[in-house]
Structures are given as structure tokens and as C-alpha cells.
Amino acid sequence: MVRVAILVDNKVVALRPQGLKAEWGFSALIEADEPILFDAGQTGIAFENFQLLGLPTPKKIVLSHGHYDHTGGLMPFLKKGVKLYTHPDAFLPRYYRGEYIGIPFRREQIEDRAEIIEHREPVEVSKKVWALGEIPREFETALLKDSYIIREGKKEEDEIKDDQSLAIKTDKGILLVLGCCHSGLRNTIRWAEEVTGDEVRFIVGGTHLIAYKPEEIKEIVSKLEFEFIAPCHCTGLKAEFLLMEMVGERFKMVGSGSIIEV
């Protein structure tokens with residue numbers, strides 16, 4: 001069995017334990033062959049909720065991409081022996097509408113506490129758990145307008161090529177855990193299936209459907225097959241309610257403190 005604990009999300013839906021908090025951000029702990037942290041939220045709230053939930057300490061961390069709301073809470077999770085998997089672009093300075101939205105730490109600060117493993121290709125970070133790396137894009141993407149990165153001193157449009165997700169192979173199919181899914185939901189599912197050789201049956205995390213109009217969401221989701229979807233963070237509440245209406249019992253409402261088992 002695989003368990004996914006949402007450490008932080010934009011909302012709290014779990015009644016216990018008391019004291020769980022929310023923020024604009026995302027973090028999840030995956031318990032498969034070993035515990036793996038996927039993203040760390042915006043501040044220290046992910047770590048606070050992690051302690052409240054009494055979860056096992058991860059020695060492997062995967063970053064979905066280099067935005068502040070997925071990396072700002074990283075430091076409390078770092079210590080000697082921890083391996084951090086990420087795309088090299090995650091460390092580039094990045095801006096949205098003129099404001100800095102990248103990792104709020106210098107690379108050297110992270111290297112002092114953990115081993116950084118950069119990758120563009122898919123990596124099996126643990127048994128039957130893949131960090132998907134750069135995701136080929138054939139269908140729609142969810143990028144940010146007026147955003148750019150600084151590469152070797154030059155400004156360029158930010159295509160968020162570092163966006164990746166986690167694909168976990170279970171006895172029932174692939175469990176896909178998304179950070180923000182800037183690469184696009186259909187692209188990410190297709191790539192996860194190509195990498196793992198199995199079908200995506202379960203979807204958890206930020207889908208970035210907030211970027212689309214209702215008719216576009218209906219078009220995207222109507223092409224998908226899954227046993228359940230548990231969207232949060234950048235999905236947006238309007239899109240979550242639309243999904244709930246569209247897929248019925250296959251929809252799971254999740255937030256800080258939610259535990260999902262497959």
C-alpha cells in the first residue's frame with residue numbers, strides 16, 4: 001500500500017490532529033518503499049504539520065519546480081544524508097510580473113545541508129517511484145504570463161521546464177502526485193505512463209486548472225480516465241467544484257492533513 005499525506009495546501013480539510021495550518025503552497029509525504037518528501041510549501045508550515053501528523057522522516061526529497069510556494073519550507077527538512085532531486089533550472093532566478101518567485105535560498109545554503117542530485121531525465125528515486133524530469137509537451141500547458149528567468153545573466157521567457165511530478169507504481173496502477181503541473185495535465189499523464197509502462201489511475205495534487213476556462217477544463221478532463229482525482233493547491237476552488245460535479249464519486253476533497261491510501 002502507498003500512502004500520501006498532504007503536509008500543506010491552500011486549505012485544511014482534516015479535523016484531526018488539531019492545529020493543522022494552511023497556506024498558498026504544496027507539500028506531500030509519500031510512504032512507499034521509504035518515505036519521500038515531495039515539495040515543502042512556502043514557509044515552515046509544512047514542517048509543523050509534518051510534526052503534528054507524526055510521520056516518518058524522509059531522507060529523499062523531490063522538488064516539483066523552483067517556485068517559492070513549493071520550496072520556501074525546505075530548510076527544516078534538510079540534514080546530512082538527505083538527497084534532494086531537482087531539475088537544474090530550479091535554481092535559476094525567476095520573476096513574475098517583476099516580483100521574485102524563485103527558491104528563496106542560495107544553492108550553497110542547500111548544499112551545506114543535503115546532497116543535490118540534478119536531473120533532466122526520469123529518475124527512479126526509490127523502488128517503483130519515479131521523478132519524471134522534463135515532461136514532453138504535446139497538449140496544453142499552464143505557464144505564467146509576464147514571467148521570466150535569468151540564465152547566464154540574460155533574461156528569457158520562463159517555460160518552467162523544471163516542472164516535474166512523481167509517478168508511483170502500485171498494484172492497482174500508477175499514482176501520480178503533482179506539484180503544480182505547469183507542463184499540463186494531459187502531457188504529464190502521458191509521460192508518466194510512458195516512463196512507467198503502466199496506466200495512471202490515481203491523481204493527487206496541484207493541477208493548475210486555475211489557468212483554464214470552464215469549457216477548457218471540461219475538454220481536458222473528458223479525455224482522461226482515472227479511478228479518483230484529488231486536486232488541490234493551484235487547481236483553484238472553482239475548478240475543484242467543477243471537477244466534483246463532472247466526476248462525482250471519483251473526486252476526493254483534500255487539503256492540509258489529508259491522508260490518501262492506494
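Every number in this text was worked out from the coordinates using simple rules, so none of it is lab data. None of these values were measured; they are calculated from a predicted model. Counting neighbours? That spans all protein chains shown, and the Cβs are built from the backbone with ideal geometry, glycine included.
Numbers for the structure displayed
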| read-out | value |
| --- | --- |
| Region 240-259 residues that are in contact (Cβ under 8 Å) with a residue 24 or more places away in the chain, paired with ones that are polar (S, T, N, Q) and surrounded by 14 or more Cβ atoms within 10 Å (Cβ to Cβ) (beta carbon under 6 Å, 6 or more apart) | Ser256/Asn49 |
| Top-ranked residue in region 61-95 [being of a type in the set (A, V, I, L, M) and part of a helix (DSSP H, G or I); ranked as nearest to Gly44 (Cα to Cα)] | Met75 |
| Count - residues of region 226-236 that are farther than 13 Å from Gly255 by Cβ, touching a strand residue (DSSP E or B) at 6+ places or on another chain (Cβ under 8 Å) and not aliphatic (A, V, I, L, M) | 4 |
| Residues satisfying the stated conditions in region 1-43, i.e. more than 25 Å from Val82 (Cα to Cα), without any contact (Cβ under 8 Å) to a residue 60 or more places away in the chain and of a type in the set (A, V, I, L, M) | Leu15 |
| Of all residues in region 82-137 being in contact with an Asp or Glu (Cβ under 9 Å, 6 or more places away or on another chain), small (Gly, Ala, Ser) and surrounded by 14 or more Cβ atoms within 10 Å (Cβ to Cβ), the one that is farthest from Val2 (Cα to Cα) | Ala90 |
| Residue, surrounded by the fewest Cβ atoms within 10 Å (Cβ to Cβ), within region 216-254, restricted to residues that are on the phi > 0 side of the Ramachandran plot and either touching a Pro at 6+ places or on another chain (Cβ under 6 Å) or small (Gly, Ala, Ser) (or both) | Gly248 |
| Boolean, Ala5 is under 25 Å from Ile203 (Cα atoms) and not in a strand (DSSP E or B) | no |
| Index of the failed condition, Ala46 passing every other in (1) among the small types (Gly, Ala, Ser); (2) farther than 30 Å from Arg16 by Cβ; (3) part of a helix (DSSP H, G or I) | (2) |
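Conditions tested, residue by residue: (1) out of contact with any helix residue (DSSP H, G or I) (no Cβ under 9 Å at 6 or more places or on another chain); (2) under 23 Å from Phe50 (Cβ atoms); (3) of a type in the set (A, V, I, L, M).
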| site | (1), (2), (3) |
| --- | --- |
| Phe77 | no, yes, no |
| Gly81 | yes, yes, no |
| Tyr85 | yes, yes, no |
| Phe91 | no, no, no |
| Tyr96 | yes, no, no |
| Glu99 | yes, no, no |
| Gly102 | no, no, no |
| Glu108 | yes, no, no |
| His119 | no, no, no |
